[in-house]
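The values are calculated or read from the model by the stated rules, or taken from the named source; none is laboratory data. Keep in mind that what you see is a predicted model, and the values were worked out from it rather than measured. Ideal geometry is used to build each Cβ from the backbone, glycine not excepted, and the neighbour counts take in all protein chains shown. In case anyone asks, the SASA skips ligands and DNA or RNA and just uses the protein heavy atoms, side chains included. Shrake-Rupley method; radii C 1.70, N 1.55, O 1.52, S 1.80 Å.
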Amino acid sequence: MKVTHAQKLELYKKGYVQIPGAVPRVMVDAAVKAINHSFGKGIDPAQMITFQSQTFCPELQNASEITDLYNKTPVRQLAESMIGAGKINPVEHGQIAVRFPLTDDPPPALRPHLDGLYSPHNGVPAGELQRFTMLVGIALSDVPSDYAGNLGVWPGTHHLYAQYFCQNGYDILLRRGAEGMPPIDLPRPQMLTARAGDAFFVHYQIAHCASPNVSPHPRYAIYFRLRHVNLQDQLYEALTDIWLEWDGMREIVAQHGEPVPTA
């Protein structure tokens, strides 16, 4: 399984690409079984807001049923074909992301965010940016329609934010954290449907969210946050040079890239 030129072009333009069937069903089932076994022991209601912001089943984050979804499937090779072989720090844990059904009618509005910014429950210290390179999502359950806990994305916002940061700096992120999203005109969001085993490869700098789930079923997913080996040395530089850490995208960028406006 390889990332095609067309898929790389989609990633370049939209900031994400979905690759169907990247994870075998038997591995999806093993992960879901481990999660449901953990849930069977009980979920502390007092911890729900933390679990939603960080991870459910924290004792499973490093378990092979979770990490093998990246390390022992084509997902790893696909990610390396975009970022570069040997350019990704080892993946040793994943986020277990579950969205339980709501009874809201109509559903709440989608609220975009960037990861790695301070909020009261996500574990990121105030005044810090915990950026990464690529978000990899693995669907562990079917998401056949809108408002089913879908990954919601605002296509092309990686380019728009790069323009904003180049012209205005990134101080708004450090001062206001998750409440300090750059004030840009956003495109219409997309709620991505999926089948269990599909993989999503998402540029760090895409506005995204988990859509509200008003379906009858919980939505199960795993997220891995991939970090380039040189990330700390170019933590802020890559906010404007958004393909700096993507060796496998250089040909696409050379063919289609446009210079980022300067102040």
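Below are the figures for this structure:
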| read-out | value |
| --- | --- |
| For a label point 7 Å along the Cα-to-beta-carbon line of Ile184, residues of region 209-250 with backbone N under 19 Å | 209-210, 235-246 |
| Contour excess over end-to-end distance, with Cα ends at Met48 and His5 and 0.36 nm allotted per residue | 11.4 nm |
| Matching label, mean projected area of the Cα convex hull in nm² computed from the structure shown, candidates (i) 14.9; (ii) 12.5; (iii) 13.7 | (iii) |
| Candidate aspartates and glutamates for bridging to Lys8, where Cα separation is under 17 Å - those fewer than 8 sequence places away on the same chain excluded | Glu80, Asp198, Glu245, Asp247, Glu251, Glu258 |
| Theoretical FRET efficiency, 1/(1+(r/R0)^6), r = Cβ-Cβ of Ser145 and Leu174, R0 35 Å, to 0.05 | 0.40 |
| Reachable lysines from Lys41, criterion Cα separation under 21 angstrom, eight or more residues apart if same chain | Lys33 |
| Exposure ranking of Tyr161, Tyr223, Tyr147 by accessible area [1.4 Å probe, largest first] | Tyr147, Tyr223, Tyr161 |
| Cut-off 15 Å (backbone N to label point 7 Å along Cα→Cβ of Ser64), residues of region 23-45 | 27-28, 30-31, 34 |
| Prolate/oblate/rounded call for region 77-148, Cα gyration tensor, a/c under 1.5 rounded | oblate |
| Value of [θ]222 nm, deg cm²/dmol, for the chain, DSSP H segments ≥ 4, -39500 (n - 2.57) each, nearest 500 | -8000 deg cm²/dmol |
| Packing rank of 22-29, 224-231, 185-192, where each peptide gets the mean count of other beta carbons within 10 Å, highest leading | 224-231, 22-29, 185-192 |
